[in-house]
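A.B. asks: Here it is, the structure, as structure tokens.
The values are calculated or read from the model by the stated rules, or taken from the named source; none is laboratory data. Everything quoted here is computed from the prediction, not taken from an experiment. Ideal geometry is used to build each Cβ from the backbone, glycine not excepted, and the neighbour counts take in all protein chains shown.
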Amino acid sequence: MMLNTAQYPVVATVADRLGYGLLLLLSLAVSMTYLPIMEGGQVAGMALAGLWHKLIVALFGLLLFLSLLGEKPEIPPFFKTIGMLFALFLLVWLALGAFFPAKDFRDEVRMTFIPLCAIWVGWRMKMDERRLTLLAGVFTIGVVMVGLAVVFMQGNGFSIRDYFADQKNALGPMLATAAVFCMGMVINAKGKTAVPMVLLGLALSALCVLLILTIRARAALLAVAVVLSLMLFRRFKSRYTLLSFWVAILLVVAVFMLLPHSMKQYVHQSLFSGFTVGDVTSGRMERNYQAISIWAQHPLLGNLMNAKEIGVVHNYPLWQLFRFGLLGALPMLLIYIFLLVKDIKELFALRTVSVMAVGFYALLIAYVVSFFEYTFPFGPGTSTVVSFIFFGVALKSSSKTENTLDVNLSMDNNNGI
């Protein structure tokens with residue numbers, strides 16, 4: 001239910017400014033969740049982490065409430081489709097809960113519901129390039145600070161160790177997302193501030209990648225490599241598309257070959273240190289094969305009837321199919337596929353890489369990681385909520401651009417052009 005504040009411009013202005021301020025706080029708070037002081041199982045740290053999560057829930061709840069204020073918008077087909085898919089999702093899970101009362105499905109519902117709300121919040125937020133750049137900057141600073149704290153408090157600085165704390169699997173994708181934001185700032189730098197913006201963006205992006213290497217978040221490293229390459233390709237491609245692609249590949253290879261030996265060794269240690277020969281996946285591929293085998297035997301209900309223990313399967317679609325079978329996993333996978341297809345369509349419809357469209361690339365980070373982790377792209381919420389908010393902002397910007405193009409074409413036709 002929308003609360004109309006259009007008749008009260010002062011209230012609408014206050015709500016807009018308050019919402020943006022809360023969004024800045026949220027972007028900083030979600031990164032601070034992974035500070036070393038909140039990890040390690042100590043009582044004080046656990047208590048602080050509990051309070052911090054309540055703060056994040058309160059901030060997000062207020063943002064969701066404020067997103068319901070203002071003029072009633074025309075709901076685009078995207079949200080109608082998502083609403084129907086989520087309704088199907090709830091019906092299926094209610095049925096599963098009735099047939100399998102020993103199973104607790106609340107986490108699955110919550111983990112899917114929060115990102116969808118985040119898209120709505122981003123879509124409803126009034127945003128321009130200045131606001132979005134500041135928001136991305138605050139998020140990046142917070143993530144980099146946490147990354148440095150993890151590296152120096154849990155490790156020996158910028159040196160490779162065999163194992164970092166578990167938060168690397170959440171912090172790594174956040175660093176990758178920050179690197180994407182910074183590269184967006186570099187690509188769109190213009191005017192008098194172009195040179196300092198390019199230098200700052202490149203420095204922060206490189207620092208994010210270095211932190212990813214140090215904490216050994218390999219899925220995040222692959223994600224940032226794929227997405228940054230796509231961004232650069234989309235920005236600098238010409239009509240000679242195939243030639244541009246191969247030139248970009250050759251440039252990447254040449255840059256790597258020209259790196260000092262110490263840096264190449266650093267990258268090699270980050271990727272392969274501590275693993276036995278032939279098993280750089282830490283046994284994950286073996287679990288994937290087992291999950292495929294079990295699901296093939298019970299395609300409709302998966303492991304619901306069998307309760308076979310094989311460990312966690314580090315691939316989101318396969319993890320859902322293994323646990324719940326096609327009947328239980330299909331509603332989640334429909335949402336998963338719908339969002340991915342929408343993101344890719346919007347990416348290839350872009351005329352250029354713009355600041356307002358950086359959310360499309362940010363969401364792609366979470367999707368690449370989802371092939372190597374079992375909770376992404378929807379969770380943990382503290383890792384992905386900012387990406388989904390940026391995706392909502394990008395959707396709103398894209399729809400405005402389409403409307404502007406339609407108006408311009410209509411004017412041209414009326415003028416006989």
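A.B. asks: Would you pick out the residues in segment 332-354 that are touching a Leu at 6+ places or on another chain (Cβ under 9 Å) and surrounded by fewer than 23 Cβ atoms within 10 Å (Cβ to Cβ)?
C.D. replies: Correct list: L333, L334, I335, F338, L340, K342, D343, I344, E346, L347, V353.
A.B. asks: Could I ask something else about it? Could we say that Y266 is within 27 Å of the chain's Cα centre (by Cα), hydroxyl-bearing (S, T, Y) and at pLDDT 80 or above here?
C.D. replies: On the way: within 27 Å of the chain's Cα centre (by Cα): yes; hydroxyl-bearing (S, T, Y): yes; at pLDDT 80 or above: no.
So Y266 does not fit the description; no.
A.B. asks: Same structure, new question: Go through segment 77-117 and give me each residue that's closer than 22 Å to I337 by Cα, among the basic types (K, R) and over 20 Å from the mean Cα position of the chain (by Cα).
C.D. replies: K80, R106
A.B. asks: May I pose another question? Please pick out the residue among V144, V121, V138 that is touching a Phe, Trp or Tyr at 6+ places or on another chain (Cβ under 9 Å) and either among the β-branched types (V, I, T) or surrounded by 20 or more Cβ atoms within 10 Å (Cβ to Cβ) (or both). Before the answer, list the steps.
C.D. replies: Details: V144 fails: touching a Phe, Trp or Tyr at 6+ places or on another chain (Cβ under 9 Å); V138 fails: touching a Phe, Trp or Tyr at 6+ places or on another chain (Cβ under 9 Å).
Only one candidate qualifies: V121.
Here is a yes/no grid of residues against (1) at pLDDT below 95; (2) in contact with a helix residue (DSSP H, G or I) (Cβ under 8 Å, 6 or more places away or on another chain); (3) closer than 18 Å to V180 by Cα:
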{"position": "V358", "(1), (2), (3)": "yes, yes, yes"}
{"position": "E373", "(1), (2), (3)": "yes, yes, no"}
{"position": "G392", "(1), (2), (3)": "no, yes, yes"}
{"position": "K396", "(1), (2), (3)": "yes, yes, no"}
{"position": "S399", "(1), (2), (3)": "yes, no, no"}
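A.B. asks: When you go through (1) closer than 30 Å to G325 by Cα; (2) assigned to a helix (DSSP H, G or I) one by one for Y20, which number turns out not to apply?
C.D. replies: Condition (1) is where Y20 drops out.
A.B. asks: Provide a single number: the residues in segment 295-312 that are small (G, A, S) and surrounded by 12 or more Cβ atoms within 10 Å (Cβ to Cβ). Step through it out loud before you land on a result.
C.D. replies: Here is the first cut: in segment 295-312, the residues small (G, A, S) are 296, 302, 307, 311.
With the extra rule that they be surrounded by 12 or more Cβ atoms within 10 Å (Cβ to Cβ), the set shrinks to 302.
Here the count works out to 1.
A.B. asks: Also, quick follow-up: Taking the condition of being free of Cβ contacts under 8 Å to residues at least 24 places away in the same chain and farther than 18 Å from V57 by Cα, how many residues in segment 103-127 meet it?
C.D. replies: Number satisfying all stated conditions: 2.
A.B. asks: Got a number for residues in segment 347-400 being among the hydroxyl-bearing types (S, T, Y), under 12 Å from the mean Cα position of the chain (by Cα) and over 20 Å from T112 (Cβ atoms)? Show your work before the answer.
C.D. replies: Quick first cut of segment 347-400, residues among the hydroxyl-bearing types (S, T, Y) only: 352, 354, 361, 367, 370, 374-375, 382-384, 387, 397-399.
This time we only want the ones that are under 12 Å from the mean Cα position of the chain (by Cα), so: 361, 367, 370, 375, 382-384, 387.
Applying the additional criterion that residues be over 20 Å from T112 (Cβ atoms) yields 361.
Number of matching residues: 1.
A.B. asks: Quick one: Q297 ticks every box in (1) under 25 Å from L25 (Cα atoms); (2) at pLDDT below 90 except a single one, so which number is it?
C.D. replies: Unmet for Q297, out of (1) under 25 Å from L25 (Cα atoms); (2) at pLDDT below 90: (1).
A.B. asks: Are any residues in segment 17-43 on the phi < 0 side of the Ramachandran plot and modelled with pLDDT under 85, and if so, which ones? Talk me through it step by step, then tell me what you get.
C.D. replies: Within segment 17-43, the first condition is being on the phi < 0 side of the Ramachandran plot, and the residues that meet it are 17-39, 42-43.
Correct list: P36, I37, M38, E39, Q42, V43.
A.B. asks: Here's a follow-up. Return yes when L91 is buried (at least 18 other Cβ atoms within 10 Å of the Cβ) and not hydroxyl-bearing (S, T, Y) and no when it is not. Explain how you work it out, then say what you get.
C.D. replies: On the way: buried (at least 18 other Cβ atoms within 10 Å of the Cβ): no; not hydroxyl-bearing (S, T, Y): yes.
Here the answer is no, as L91 does not meet what is asked.
A.B. asks: Just for segment 355-387: of the residues that are among the aromatic types (F, W, Y) and in a helix (DSSP H, G or I), which one is surrounded by the most Cβ atoms within 10 Å (Cβ to Cβ)? Spell out the reasoning first.
C.D. replies: Let us first name the residues in segment 355-387 that are among the aromatic types (F, W, Y), namely 360-361, 367, 371-372, 374, 376, 378.
Add one more test, that the residue is in a helix (DSSP H, G or I), and what stays is 360-361, 367.
Working: F360: 29, Y361: 26, Y367: 20.
Among those that are among the aromatic types (F, W, Y) and in a helix (DSSP H, G or I), it is F360.
A.B. asks: Considering A176, A220, which residue is of a type in the set (A, V, I, L, M), closer than 13 Å to V143 by Cβ, touching a Gly at 6+ places or on another chain (Cβ under 8 Å) and in a helix (DSSP H, G or I)? Full working, then the answer.
C.D. replies: Details: A176 fails: touching a Gly at 6+ places or on another chain (Cβ under 8 Å).
Matching residue, one of A176, A220: A220.
A.B. asks: Mind checking which residues of segment 53-77 are touching a residue at least 40 places away in the same chain (Cβ under 8 Å) and surrounded by 17 or more Cβ atoms within 10 Å (Cβ to Cβ)?
C.D. replies: I56, F60, L63, L66, S67, L69, G70
A.B. asks: Restricting to segment 193-217, name every residue that is part of a helix (DSSP H, G or I), under 17 Å from F376 (Cβ atoms) and at pLDDT below 90. Spell out the reasoning first.
C.D. replies: Just the residues of segment 193-217 that are part of a helix (DSSP H, G or I), to begin with: 193-215.
Those still in the list that are under 17 Å from F376 (Cβ atoms) too: 212, 215.
Passing the criteria: only I215.
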